[in-house]
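Each remark here refers to the structure printed beneath this line.
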Amino acid sequence: MACFKSSKGSLEEDSSEGDVGEMSACALAMMEKDRDSLLSPSENPGTFMSNTSSSLQTVAPLQGYDVEFDPPLESKYECPICLMALRNAIQTPCGHRFCKNCIEKSIRDTGQRCPVDNEMLSEDQLFPDNFAKREILSLTVCCPNGGCSEKMELRHLEHHLAQCEFSTVLCSQCQQSIRKSHLEEHKTSDCQKRLIECPDCVENFVYEERELHEQRCPFANVKCQYCEMDLIRDQMGSHCDTDCPKAPIACNFSVFGCKEKMQRHNLAQHMQEFTQMHMRYMAEFLRSLSLNGTTPKSLWMPGPSLSSEDQGAAASVLASSGPRGPASCSSNCAPCQPSEVMVRLREMDGRLVKQDHQLRELIILNETQAGQLAELRRRVSMLEETVKDLEAQQCTGIFIWRLKGFSAHLRNQQAGLPVVEHSPGFYTGRPGYRLCLRLHLQTPNAPRCSNYISLFVHTMQGVFDGQLTWPFQGTIRLAILDQGPEAQHHMEVMETKPDLQAFQKPTIQRNPKGFGYVTFLHLNQLSQRAFVKDDTLLIRCEVTPRFDTMFQREGPAVQPRGLEAPISRD
């Protein structure tokens, strides 16, 4: 006798009879059926069967309702064969309930006995249990679609599934299971099998083949491997063969024996530098032709780098060294003498020596002019430095530093790159001390001072250092100027400390030690006011030096600055 364990959704065999094994395979095949093809919870099973494939109707009759009930299904409404909710409930004379398809198949396959108590049973003894049908169709079930929390009576399940936004369908292009609500988006944006159009050649192809198409699209934008010029793929071949200045090419005299290869833009220089060698290669080549008595004219076509004079001479030599015989000379022509070839070769060699001398003269002239140009540039640089130094002497202790391109410095700072800028030098008066400013944008990872603007003052060597007292003493006011109408500048005032190395007389052009503020201003405060305008940050430095009495008595008369002026916009 076959008995079935009540493990829901699975069917196990507890007998050696092969008939039960056949039922197990059938039940498992039915449970793998997509939930969207559930039987319409109506009294007539033919309604559902019309919506399923004909092959499924003949291969695997439908079993019970494989859905989640809330509350859980009572055991009296569970089919003992498929262990699911009764579908088209049938009752036997012995009082047991089964799904109509389950009990009919059991009687046909395992014999005319009840699967529960093994009582004799035939199909004509079965009768529908309409009460159980109505009870089961009135039970509350949960939507089987993942993500949907709707609950309804079993009889309304089919209608809900037809409208549920969480129900899934197969994509007609890639055959993936996709939610109905996402199907259109999937077909247009996510499906690997969707057709797309190449923006370059307007060809349609499947999305998953885009990389293959990009590698062979004739109108795709590519970079030349030599000069990195942007081209379309169809132009690449002709570009490398004729136009690319960095493409490797052979010398025009390669057929005569020159083995050099160079980039195309270096060909003209090569032809100039090795003219004599090329002529010798050609002379040897022609000498061998005259000895062999053959003229392979197809071996050489005069290149564009050869002058018309050289091309004519080479052509005449080739013509004079042609084959000797009836096919090339008429019976009235005197036989060609080898001495004519040698005369022409000597003429070409003399012309070559002359051109070589001219080339050497041009090289010497070019080197002389290059030296003169370098000297002029050096003088201009010295004059520019002198002008800057004279301008710095006119500052009289008030200096405005315009730091342009500040956004680029901010990008480097955010990327963790060090940003350190030094201002031009300026003087506190005439005579006076020469100073400069140093700005440092602290990186986000800097300990204790991350994202701060650091501002320092450095002493520099100046033309008046011998007339001044050292160490430098005085008051320094530093400010980052607000370029808006409110002009609310950020200012700090500091007094010099004579015992610090930063204020001693510098022994090099700029004292490596500076004095100032590590946390002068946080970068977030720049956006709160108009500190940056037109991508320019303005930093103002006002210096009031103090001179000791001995210096004022013995040295030249140098008056200290008067009362400090208020900070104002430049």
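The values are calculated or read from the model by the stated rules, or taken from the named source; none is laboratory data. Because the structure is a prediction, the values reported are computed rather than measured. All Cβ positions, glycine included, derive from the backbone under ideal geometry; neighbour counts span all protein chains shown. Calculation scope for accessible area: heavy atoms of the full protein, side chains included, ligands and nucleic acids excluded. Shrake-Rupley method; radii C 1.70, N 1.55, O 1.52, S 1.80 Å.
Overview of results
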| item | result |
| --- | --- |
| Probe 1.4 Å, protein heavy atoms only - accessible area per residue of segment 159-228 in square angstrom | 70 Å² |
| Span from the segment 123-140 Cα centroid across to the segment 414-451 one, whole angstrom | 91 Å |
| Sequence ranges 425-437, 266-278, 404-416, ranked by mean other-Cβ count within 10 angstrom, highest first | 425-437, 266-278, 404-416 |
| Separation in nanometres of the label points that stand 7 Å from Cα toward Cβ, at Val353 and Ala530 | 7.9 nm |
| Residues of type lysines that Lys354 reaches as a straight line, Cα spacing below 30 Å, ignoring anything fewer than 8 places off in the same chain | Lys259, Lys261, Lys297 |
| Hydrodynamic radius (Kirkwood) for segment 75-163, which is based on Cα pairs only, to one decimal in Å | 14.2 Å |
| Global form of segment 113-239, assessed from the alpha-carbon gyration tensor, a/c cut-off 1.5 | prolate |
| Percent carbon-and-sulfur accessible area, segment 395-545, ignoring ligands, DNA and RNA, probe 1.4 Å | 47 percent |
| Fraction of accessible area attributable to carbon and sulfur, segment 75-163 (%, probe 1.4 Å) | 44 percent |
| Shape category assigned to segment 174-272 from the gyration tensor of Cα positions, a/c cut at 1.5 | prolate |
| Above-threshold pairs, the threshold being 26 Å between Cα atoms, out of Lys193/Lys223; Lys76/Lys105; Lys246/Lys404; Lys76/Lys151 | Lys193/Lys223; Lys246/Lys404 |
| Using a Förster distance of 51 Å, the FRET efficiency for Arg546-Asn412 (Cβ separation, nearest 0.05) | 0.85 |
| Where the Cα pairs of segment 395-545 fall when distances are cut into 5 Å bins, in % | 2, 9, 19, 22, 19, 14, 10, 5, 1, 0 |
